[in-house]
1. Could you check the range B:1-33 and list, in sequence order, the residues that are open to solvent by 80 Å² or more (accessible area, probe 1.4 Å), under 20 Å from A:F110 (Cβ atoms) and within 13 Å of DNA strand C (Cβ to nearest atom)?
2. Any residue in the range B:287-299 that is open to solvent by 20 Å² or more (accessible area, probe 1.4 Å), touching a strand residue (DSSP E or B) at 6+ places or on another chain (Cβ under 8 Å) and aliphatic (A, V, I, L, M)?
3. The conditions are (1) within 10 Å of chain A (Cβ to nearest Cβ); (2) open to solvent by 10 Å² or more (accessible area, probe 1.4 Å); (3) farther than 30 Å from B:V120 by Cα, and B:V275 fails exactly one of them. Which is it?
4. For the condition surrounded by fewer than 23 Cβ atoms within 10 Å (Cβ to Cβ), within 16 Å of DNA strand D (Cβ to nearest atom) and facing another protein chain (nearest Cβ under 7 Å), what is the one hit in B:S56, B:S113?
5. Is it fair to say A:A102 is more than 11 Å from chain B (Cβ to nearest Cβ), of a type in the set (A, V, I, L, M), open to solvent by 10 Å² or more (accessible area, probe 1.4 Å) and away from DNA strand C (no atom under 16 Å from the Cβ)?
6. Just the residues that are open to solvent by 10 Å² or more (accessible area, probe 1.4 Å) and small (G, A, S), please, taken from the range A:60-99.
7. When only residues in the range B:116-144 that are polar (S, T, N, Q) and either touching a residue at least 12 places away in the same chain (Cβ under 8 Å) or within 14 Å of another protein chain (Cβ to nearest Cβ) (or both) count, which is nearest to B:L158 (Cα to Cα)?
8. Kindly evaluate A:G244 against the criterion of being over 18 Å from the mean Cα position of the chain (by Cα) and away from chain B (no Cβ under 14 Å).
Number of protein chains: 2
Amino acid sequence: MPTIYEVSELAGVSLATVSRVMNGSAKVSEKSKKKVRDAMEELGYRPNSVAISLASKRSNCIGILVAELDGAFFGSMMTGIEKTLRQYQKHVVITAGHSNDADEREGVEFLKSRNCDALVIHAEQLSDEYLIELSKGDTPIVVMNRQIDAIAEKCVSLDNVKGGYIATRHVLEKGHRQLVNIAGPKFKNDAMERIVGFQQAVNEAGIDFDENRVFEGDYLQESGAAAIDHFVMSGIEFTGVVCGNDQMAIGAMARLREYKRLPSKDVAVIGFDDVSFAACTYPTLTTINYPIKLMGQQAAKLVLKDVYKIGVKDIRQIYEPTLMERNSVKRLRSK
Amino acid sequence: MPTIYEVSELAGVSLATVSRVMNGSAKVSEKSKKKVRDAMEELGYRPNSVAISLASKRSNCIGILVAELDGAFFGSMMTGIEKTLRQYQKHVVITAGHSNDADEREGVEFLKSRNCDALVIHAEQLSDEYLIELSKGDTPIVVMNRQIDAIAEKCVSLDNVKGGYIATRHVLEKGHRQLVNIAGPKFKNDAMERIVGFQQAVNEAGIDFDENRVFEGDYLQESGAAAIDHFVMSGIEFTGVVCGNDQMAIGAMARLREYKRLPSKDVAVIGFDDVSFAACTYPTLTTINYPIKLMGQQAAKLVLKDVYKIGVKDIRQIYEPTLMERNSVKRLRSK
DNA sequence: CTGTCAAATGAAAGCGCTTTCAAAATATCT
DNA sequence: AGATATTTTGAAAGCGCTTTCATTTGACAG
């Protein structure tokens, strides 16, 4: 790998001049510019971004922290961020927090130590305090899926309580009164918030909220199935299943079918997130739209604006969940 | 952010000594060690990995190039790699190639310029020659999903032709003779290979391969649906649909239902990849298992062994696709 | 107490680049 | 032409760390 020094040698100019033509940071005569460009060409020169980063304290990299690298939700989020940033030659460095405090902290430290210009964080375990403290450091951050008042201007979030409420109310409005809730892991903020929304809607309908009707899953398909097993085994009756996310919803639908209780026909199932396969399930999944890709783009725009002073517009930070009505929730038929 | 210099000041030792206790690269007296540790603690010192990387020419980072950041397939692959590496305190830097030559090259250059210790590449447009050339450079690489003889020891792949063949033969064995193929983008190697497998199986069954029975999709759900529209509109009759991947398969099943042609009952549908939701579709999807997560782990082990000289075992590089029989392919019922 | 050898340490160069500051080259004006 | 303002340039310091090499320290034998 040739270095800037070799380029300067070959071009017969100083290091500084080469650096200047690379960055366009100052005027360089056309003549020198050409000599430098030719030399670069000839040597197949590639700047070493680590060195650039060390010297300039800027990396053109944005760090992303997600819980997992797989999963439709995070995939959309990462893509939203990456594609937006890519348009401005910014790169992303992604790390996984695995939903535990240690990994999340380490992930953040890693990203910071790699000189990321900014961090987009989807943390599930880090405390508000930690994040507030972090935001005071010299690496700007954007917090996803969480509304922290002290740093509201750095948050891009969706009202999960409202989402849970809308989902539940929709099922209630279709005449279902015996509901169960397949929730996400309770240690996750969004999961808890959705449960709160569920509770609100249920109470509003004059139904007593019953802890036993909430099953704590892990946002994966299997736990949706496990939840159904649990409710059936426990003899808890239900005609409506409100799920914490789409994956658990399809797991639940699959298992319901095994019990000969047909989704939609015998029992209403509603999801959350509206991931891409929700439109292709059978029955197609009624769910709550979570515009995560769009929100990822917004997060990216936020750093573009704040960190790189690039004029982007239409930045919105708080999003509203909306009902995506498909076929998995139908009016309760009297028996 | 405190630097190593400040630590050395506070500890009353030299830079070199601090560096040594950080890396355990040489003997340091217990006394100095303690002084250094205390100083680090007191200052909340975090080594700057960019500087480390520049000075040591090692980053403890492995670069990954995937086509997209979303999608179940890439998600599994990234997770397989990341989790394995994480156990040895190695980090991943991920970049997307968006299935076009320019972005893929730029992605590779970016990863190299970031001093990645190795690259795991899932390229769709880069030529074999480019990869062979790349492998001669000073950054070791692992190539996923592609068998290149010249660098076989750096490839982790699956026999896609065989997969396409097995899938097709399974449908044929169930009595279906009117088949259509919903393929992935033809510019992608794996898509083409799966088509070849399809063709082999079809020919073997004494059926003429008909170009018109192959629809070129894009591996996304919508194109599975579009393919069904296409075949129906064109008046092409079929009772079996062999798909290039699971996503197109569920898109196809959803659309078939709209035409009142029930998947499994009226028409057999088989997928490819065996992504996690395949077990939760209705009917559950018969498909070809592509152990991508496992293969990601293998790729990780390969770099662990080759680059970091860490003794890992059970490294396999060539994988066999296997049939996952579920409910979407049933014996053809005579009309 | 001196001499020897191994262990521990520090000074300094270097990784590849940016950036400041002053000097050199060129342009502009009387 | 000379004086002055402007544009281009290069030398050199520095970013935070690693690593080599020489020096110092300490342990131990004689």
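The values are calculated or read from the model by the stated rules, or taken from the named source; none is laboratory data. Keep in mind that this is a model prediction, so the values were computed, not measured. Positions of Cβ are backbone-derived with ideal geometry, glycine not excepted, and every protein chain shown enters the neighbour counts. Side chains are part of the model used for accessible areas, which takes the heavy atoms of the whole protein and leaves out ligands, DNA and RNA. Shrake-Rupley method; radii C 1.70, N 1.55, O 1.52, S 1.80 Å.
1. The answer is B:N23, and nothing else.
2. yes
3. For B:V275, the exception is condition (3).
4. None of the others qualify; the one that does is B:S113.
5. yes
6. Once the filter is applied, which keeps residues that are open to solvent by 10 Å² or more (accessible area, probe 1.4 Å) and small (G, A, S), the range A:60-99 yields A:G71, A:A72, A:S76, A:S99.
7. This residue is B:Q125.
8. No; evaluated as a whole, the condition is false for this residue.
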